[in-house]
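We did not get these values from a lab; they are worked out from the coordinates using the rules stated. All of these numbers come straight from a predicted model, not from anything done at the bench. Using ideal geometry, Cβ is built from the backbone for each residue, glycine included, and neighbour counts are taken over all protein chains shown.
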Amino acid sequence: MIFVAPFFLFMGAVFLLPLAFIFYTSVVADAFTLDYYIKAFTGALYLRVAWTTFEISVVSALTTLVLSYPVAYHLSRQPPKRRVLWALFVLLPFYTSILVKSFAFTVILGHNGIVNDILRFMFGPEAGIKMLFNRTGVVIGLTHYLIPFMVFPILASLLAQDPVLHRAAEVMGAKPWRIFWRVTFPLSLPGVIAGTLLCVILSFGMFITPALLGGRKDMMMANLVDFHIKETLNWNMASAVAIVLLLLSSVFILLLAQVRGGQLFGERH
Amino acid sequence: MVLEPRTEGGSEHRDRKVWLESCAKHYGSVVALAEVELAVEDGEFLTLLGPSGSGKTTLLNLIAGMVQPTSGRIWIDGADITRVPPSKRGIGMVFQNYALMPHMTVFENIAFPLRVRKMAEAEIRRKVGEVLDIVRLPDVGKRKPSELSGGQQQRIAIARCIVYNPSIILMDEPLGALDKKLREELQLELKQLHTQLGITVLYVTHDQEEALTMSDRIVLLNHGKIEQMGPPDELYFQPRTLFAAEFLGDSNIFDGTVAGLGEFVSVYSEPGASMMARPAPIAEIGKAVKVLVRPENLTLLRQCEESGLANRLSAEMVDSIILGGVIKCYVRLSDDTTVVVQELTKAERAPPPPGSKVSVAWSAEDTLILPAVGGMTEGGGTAAA
């Protein structure tokens with residue numbers, strides 16, 4: 001116990017204490033008040049931003065899932081040495097600051113960015129797509145950021161599968177397609193669900209990506225907090241929104257813990 | 001699904017259930033299976049027996065289609081299936097760790113091979129019910145495999161196998177993960193199932209008792225070669241090699257030199273005695289041989305007791321262990337070799353105390369001559385390098 005004391009002291013000083021302060025600010029202006037929460041739960045702006053946040057998070061998580069599953073599946077079929085190498089490539093976006101990546105995306109996805117240049121070169125001058133300062137930009141940016149967080153939980157659940165199950169299915173006459181949909185995929189669902197929840201949770205708190213790649217309609221809750229702190233100087237409102245965001249994430253974190261504990265699927269052999 | 005029978009070659013084996021035509025499997029320079037010739041009869045319970053690394057699992061995987069032979073061909077029901085993928089071979093397989101799908105109910109597990117075969121739902125329900133009755137677990141359809149005991153899970157795995165009438169069932173140490181009592185119970189059940197359904201079973205085990213109990217025929221493998229094959233009693237009573245003798249059952253083995261031929265072969269042996277043994281084709285005068293006698297064929301004699309048995313050696317009592325119905329006595333011969341005698345336990349005939357002078361005796365009929373070098377034998381079909 002004594003050896004973990006420094007950790008608790010540190011966390012208490014830099015996390016719990018500020019958190020308590022934020023909570024305090026959210027309910028005390030001149031005197032105790034719930035006005036800010038009432039506003040956060042009823043105000044049109046707040047509801048819209050909450051919905052946007054939810055929508056962007058879910059869409060990004062699902063896009064990430066669709067892109068990541070084949071990657072994880074491919075990795076799981078590799079011999080261990082090559083798998084480590086490929087996994088390093090998956091981790092590459094991980095090693096780059098999200099700020100740098102977001103700026104890089106403005107160059108790549110912009111009106112005169114490389115993607116639009118190629119599109120116009122191939123399909124004529126009208127073929128350019130607006131991918132910056134709108135929802136598409138945010139989802140692209142987030143997806144790029146989230147892929148490693150999706151690949152690894154899925155990879156873990158694929159690698160945990162007993163290869164004998166696939167052999168058994170094969171001997172019983174099942175073709176690869178059926179083996180995938182009836183055995184491999186269902187058995188990887190805990191990884192899929194864990195990865196998706198994790199990505200939703202991570203997206204909830206996103207700040208830089210929507211700020212740099214999104215338009216005015218793509219404001220997320222973290223941007224709203226920023227807005228109140230820097231523009232309106234309403235720290236009480238900022239605190240209330242931050243606490244609501246924390247609660248929303250907590251719900252998903254609890255769900256995630258359920259999946260991790262294997263409670264969604266019953267015990268595995 | 002159409003398996004075109006090839007016409008060329010091996011017509012005498014075409015009516016066999018399975019025929020391995022000079023199959024070999026190499027992994028680089030490692031020989032997992034040397035050239036093997038093996039025919040499995042329809043309805044037979046054939047056991048592949050051998051220590052780990054002897055090639056028995058490789059042989060099974062060749063038939064299942066999990067590995068490709070380096071050379072040779074595999075025939076099932078008269079069709080060359082060497083290049084046919086596992087899913088189209090129409091065989092069944094039971095694995096050591098059951099290989100039940102953890103996310104499916106017992107019903108869905110057993111229904112799986114039927115769904116693959118696009119059977120109607122009503123038919124599936126009827127068949128699954130039928131096999132659940134056969135394995136005597138009629139009420140577990142709705143449960144998950146993890147809710148069943150190991151023995152029950154293996155019964156379900158067997159049910160999942162017999163439900164689609166595969167032409168042959170391969171079993172890879174199916175009882176290896178179960179405790180002794182349950183294993184013996186399931187051995188009997190499997191044997192009954194085999195007789196009742198008339199299925200062809202190819203069974204892999206390293207447990208010699210299991211092989212002796214269940215098999216119609218045993219194929220004993222060693223270092224990727226077939227050491228000997230035949231019915232259990234033949235392997236037990238007429239082992240052709242030292243390896244076969246030592247792998248199946250307990251044995252006492254003496255070094256010796258053939259001294260005379262006749263109705264019985266006389267062998268001069270190290271402990272300073274002449275022994276009479278059953279005639280054998282390998283016996284030539286002056287040839288170094290091994291002499292085998294099973295512990296249960298030995299009789300322990302008090303010093304002056306007479307027995308009328310052909311072979312007799314004097315010895316000193318070392319120790320004795322009662323194993324319930326039988327008693328094992330360890331005696332030391334004059335040249336310090338230890339011999340095991342196994343007798344039935346009798347209350348009135350307690351073993352002599354350690355250190356006392358005794359004799360061991362046995363008949364010439366129970367004495368076998370084996371080649372002095374393991375794995376080399378005439379007519380064994382697997383001449384060693």
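Numbers at a glance
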| item | result |
| --- | --- |
| Local electrostatic count, A:L75, Cβ distance below 13 Å [Lys/Arg +1, Asp/Glu -1] | +4 |
| Rel. contact order, % - alpha carbon contacts under 8 angstrom, at least six apart, chain A | 28 |
| Residue-wise HN-Hα coupling along region B:99-108, computed from phi with Karplus coefficients 6.51, -1.76, 1.60 (Hz; x: Gly, Pro) | 6, 7, 6, x, 8, 10, 6, 4, 4, 5 |
| Dipole moment magnitude, nearest 20 debye, region B:11-237 about Cα centre, only Lys, Arg, Asp, Glu C-beta charged | 1040 |
| Listed residues B:L248, B:L292, B:L309, most fluctuating in chain B (Gaussian network, C-alpha, under 10 Å) | B:L309 |
| Choice from B:R312, B:R155, B:R115 showing the highest fluctuation, given a GNM over chain B with Cα pairs closer than 10 Å | B:R115 |
| Cross-link pairs beyond the 30 Å C-alpha cut-off, checked among B:K17/B:K225; B:K191/B:K346; A:K81/B:K142; B:K88/B:K191; B:K142/B:K181 | B:K191/B:K346; A:K81/B:K142 |
| All-pairs alpha carbon distance profile, chain A, 10 Å steps from 0, percent | 6, 22, 27, 24, 14, 5, 1, 0 |
| Chain A: angle of helix A:221-230 to the longest principal axis, Cα-based, in degrees nearest 10 | 30 |
| Environment charge at B:G65 (Cβ cut-off 12 Å; Lys +1, Arg +1, Asp -1, Glu -1) | +3 |
| Of A:G12, A:G191, A:G214, the one that fluctuates the most in a GNM where chain A has Cα springs shorter than 10 Å | A:G12 |
| Tilt relative to chain B, helix B:180-197 - C-alpha long axis, 0 to 90 degrees, to 10 | 60 |
| For peptides A:65-71, A:37-43, sequence by mean Cβ density within 10 Å, most packed first | A:65-71, A:37-43 |
| Shielding by partners - mean other protein chain Cβ count within 10 Å, residues of A:181-193 | 2 |
| Positive dipole terminus of the protein assembly as shown, leading residue within A:G205, B:M66, A:L62 (C-beta point charges) | A:G205 |
| Other protein chain Cβ atoms within 10 Å, averaged over every residue that makes up A:156-163 | 1 |
| Peptide B:89-102 - average C-beta neighbours from other chains (10 Å radius) | 5 |
| Sequence ranges A:148-160, B:217-229, ranked by mean other-Cβ count within 10 angstrom, highest first | B:217-229, A:148-160 |
